[in-house]
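Notes follow the structure.
The values are calculated or read from the model by the stated rules, or taken from the named source; none is laboratory data. Note that the structure is a prediction, hence the values are computed from the model and not measured. Note that we place each Cβ from the backbone using ideal geometry, even for glycine, and neighbour counts take in every protein chain shown. Surface accessibility is based on the protein's heavy atoms, side chains included, excluding ligands, DNA and RNA. Shrake-Rupley method; radii C 1.70, N 1.55, O 1.52, S 1.80 Å.
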Amino acid sequence: MPSRRHVILASAGLVTASALPALACNAPTERQTEGPFFRGGSPLRVQLASPKQPGTRMALTGSVLDRDCRPIAGAMVDIWHADATGDYDMSGYNLRGHQITDASGAWRFETIEPARYPGRTRHYHVKVVLADGRSLTTQLYFPGDGGNSRDGLYRPSLQMAIERNVGRFDFVLAA
Ligand code: FE
């Protein structure tokens with residue numbers, strides 16, 4: 001199956017998909033520490049915040065891709081993050097949940113923006129687990145956050161693309 005980039009190039013009349021060499025996707029998504037606040041067994045759900053949860057609403061979406069930019073279906077995307085005061089729920093599953101990617105590799109959550117907490121700029125924690133056992137643990141960051149430059153874990157490559165309270169990020173799994 002041609003990758004999305006192949007299809008785009010081919011549909012633009014630039015080349016035929018079959019003439020293209022295997023086109024690598026972007027570099028694999030950088031791994032980061034899971035930190036002390038992960039809890040296994042999060043619920044399968046899109047809505048991570050109850051309607052009464054204080055905080056600015058934010059949707060998170062993207063895809064899980066392989067190195068050839070092909071979508072990976074059936075991947076678990078598990079997200080956990082701090083609330084609007086910088087605290088994690090360590091007794092329940094508030095602001096925690098997972099999704100399974102669809103045939104297009106897509107995932108989506110609706111939640112709130114996390115606050116900074118001591119030593120950390122704003123971030124979401126993510127764990128992606130594939131059906132074959134490969135996994136990726138990382139964190140996503142907010143472009144332009146004043147806390148980024150003071151957080152040694154922050155990486156520009158892990159910034160979401162944010163538009164109108166929707167944060168997008170595609171995870172690329174190493175082979
Ligand atoms: Fe954290």
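Projected label points at A84 and R164, each 7 Å from Cα along the beta carbon direction, are separated by 2.2 nanometres. Backbone amide hydrogens, once placed in the peptide plane, bring I112 within less than 5 Å of M58, excluding anything fewer than 5 places away on its chain. Using θ = phi - 60° in the Karplus curve 6.51 cos²θ - 1.76 cosθ + 1.60, the 3J(HN,Hα) couplings for the range 31-43 round to 7, 9, 4, 6, x, x, 10, 5, 10, x, x, 5, x Hz; x is entered for Gly and Pro.
Using θ = phi - 60° in the Karplus curve 6.51 cos²θ - 1.76 cosθ + 1.60, the 3J(HN,Hα) couplings for the range 82-97 round to 6, 7, 6, 10, x, 9, 9, 7, 9, 10, x, 10, 5, 6, 9, x Hz; x is entered for Gly and Pro.
Using a 10 angstrom Cβ neighbour count of at most 15 plus a DSSP loop assignment to flag exposed trypsin sites (Lys or Arg not before Pro), which longest range of the chain is free of such sites? After excluding every exposed loop site, the longest remaining stretch is 53-133.
Can you compute the label reach from S135? Point 7 Å from Cα along the Cβ direction, backbone N cut-off under 14 Å, restricted to the range 54-96. Label zone hits: 76-80. Under 5 Å between amide hydrogens, built in the peptide plane, is the criterion, and for G62 it picks out W107, F169 among residues at least 5 positions away or on other chains. Both numbers refer to the Cα atoms of the chain; Rg and Dmax are 17.0, 55 Å. Per residue, the range 22-112 exposes an accessible area of 46 Å² to a 1.4 Å probe, with every protein chain left in place. Using a Förster radius of 30 Å, what is the FRET efficiency between A103 and A174 based on their Cβ-Cβ separation? Nearest 0.05, please. So, using R0 = 30 Å, E works out to roughly 0.85.
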